[in-house]
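So the structure is just underneath, and the comments pick up after that.
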Amino acid sequence: MQTMEHYDVIIIGAGAAGLMCAAETGKRGRRVLLLDKADKIGKKILISGGGRCNFTNLNTNPAAYLSHNPHFCKSALARYAPQDFLNLMRKHGLSWHEKTLGQLFCDQKAPAIVAMLWEECAQAGVVLRLNTEVDTIIRREAASFHLQTGSCTLACTALVIATGGPSIPRMGATDFGIRLARQFGLKSVPFSPALVPFTFTQDVLDGLFAGLAGVSTEVAVSCGEGHFREYMLFTHRGLSGPAMLQVSSYWHKGETLEINLLPDRDALEWLSVMQQQRPKTELKTLLAEALPNRLAQRLCETLLPNRPMGQYGGKQLQAISQQLQAWQLTPAGTEGMRTAEVSLGGVDTRELSSKTLEARKVQGLYFIGETVDVTGWLGGYNFQWAWASGWCAGQYA
Ligand code: FDA
């Protein structure tokens, strides 16, 4: 006969948001069960930031998040700020360093962050059960949920869904969160890949991009409302690097990227001065002083007419400058969920309280972290959302 276990709160998903929520809920004296289908906790934390975990960003602000309701994230981000997470790290003797653009990395590496979160959970009496998949969830009455797992039935008054998004499916990531929301009659925004490399057609890869894989250069890139200044990397499939990952979250199929290859200078002014001072120097030689050599050569073999500077007319210099500062490229697609760092979409924020993360229509049901339609920029913003939303739900569940 199947056994029935009772808890106050069950949290499905022992990732960033679930661990934070479990610790906070447990501290309030609630009997908490943290469930995960994986064989260990915090798997995405462990692989993040190249193993060093870019755990937050000092510049965290709502404008760094994409959502159908850009106001939704404000409350949680204001109530649990990067400084709160730093205080937690201080308490556990962990230290950090800023790499660039406010991105903080853990000196003791990612496993130390996971160990810290688990220590908080253990001290708060949280029960952990790994390798556990939930087959069905039934709501018996207001604020009473029954979860069927292979071996037993679990009952709770508050149920928190912290199952993340479907990016990197080989790690077991799925769209469980929005499937569950649908079961309870809650709307959601379909998940789609974000912070993901672009792919290009074979024609572009064999032509314009030939021989450029591995070349990296700082650019300013724009697409729709996304504008970023960071490094771009040519790959065997297309374009990656932080600039491209960032702007991918704003890109829709068919749209064109505008790339400024010389973000630090006015190209026309520079080329005009060089024309006066070095009329015999070829364009490709000049460009190699401002861009990686291979890129300068390739541009002059494909896009730009290569001549000694003195031979260009004014209109030609203008056209070359335009190509360099507003290079238009249309990706064929993205590498998809296979390599996406996060996913856009999730449970529709109109269904949730921004203060508690509880579903408005289903008392006792909470959604936190990447499962919610809030997606951050690259650089620690996604973990900050996971900590903040997990912390907030942890005060109420
Ligand atoms: P998360 O994915 O962390 O956790 C979900 C948990 O739910 C998992 O443990 C999963 O096993 C479990 N689960 C799923 N379905 C289940 C089910 N049906 N039953 C039971 N359990 C289930 N962000 C950042 O800010 N800085 C960074 O450096 C990085 N780096 C990075 C690198 C890579 C390679 C990736 C893929 C992602 C990042 N991220 C990142 C993004 C970051 O990892 C992500 O935003 C958070 O982990 C989201 O936290 P959640 O807790 O919402 O989901």
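Where a number appears in this text, it was derived from the coordinates with a stated rule and is not lab data. The structure presented is a predicted model; accordingly, all values stated were derived computationally and were not measured. Virtual Cβ from ideal backbone geometry, glycine too; neighbours counted across all protein chains shown.
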| Neighbourhood charge, 11 Å Cβ-Cβ cut-off, centred on residue 5 and excluding it, Lys, Arg +1 and Asp, Glu -1 | +2
| Enclosed volume per residue, in Å³, of the convex hull spanned by Cα atoms of the chain | 138
| query | Antiparallel DSSP bridges in the chain: what percent, to the nearest 5? | reply | 70
| task | Relative to the compact-globule scaling 2.2 N^0.38 Å, provide the ratio for the alpha-carbon radius of gyration of region 1-70. | result | 1.45
| Globularity ratio of region 198-334, using Cα Rg and 2.2 N^0.38 Å | 1.04
| task | Can you tell me how much longer the chain between residue 253 and residue 184 gets when fully stretched, taken as 0.36 nm per residue apart minus their C-alpha distance, in nm with one decimal? | result | 21.7 nm
| Which order do peptides 252-258, 188-194 fall in by mean Cβ count within 10 Å, highest first? | 188-194, 252-258
| remark: Of region 248-272, those with amide N under 20 Å from the point 7 Å along the Cα→Cβ vector of residue 322 are 256-263, 265-272
| Debye intensity ratio in log₁₀ form over the Cα atoms of region 73-137, taken at each q of 0.25 Å⁻¹ | -1.12
| message | Just to confirm a number: summing +1 for Lys and Arg and -1 for Asp and Glu over residues other than residue 146 whose beta-carbon lies under 10 angstrom from that of residue 146, what do you get? | response | +2
| note | Taking the chain and counting helices only, DSSP H stretches of n ≥ 4 at -39,500 (n - 2.57) each over all residues, the nearest-500 ellipticity at 222 nm comes to -8500 deg cm²/dmol
| Net charge of Cβ neighbours under 15 Å - reference residue 60; Lys, Arg +1; Asp, Glu -1 | 0
| said: Under the √(5λ) rule applied to the eigenvalues of the Cα gyration tensor, what semi-axes describe the equivalent ellipsoid of region 141-237? Give them in Å, descending. | reply: 44, 16, 12
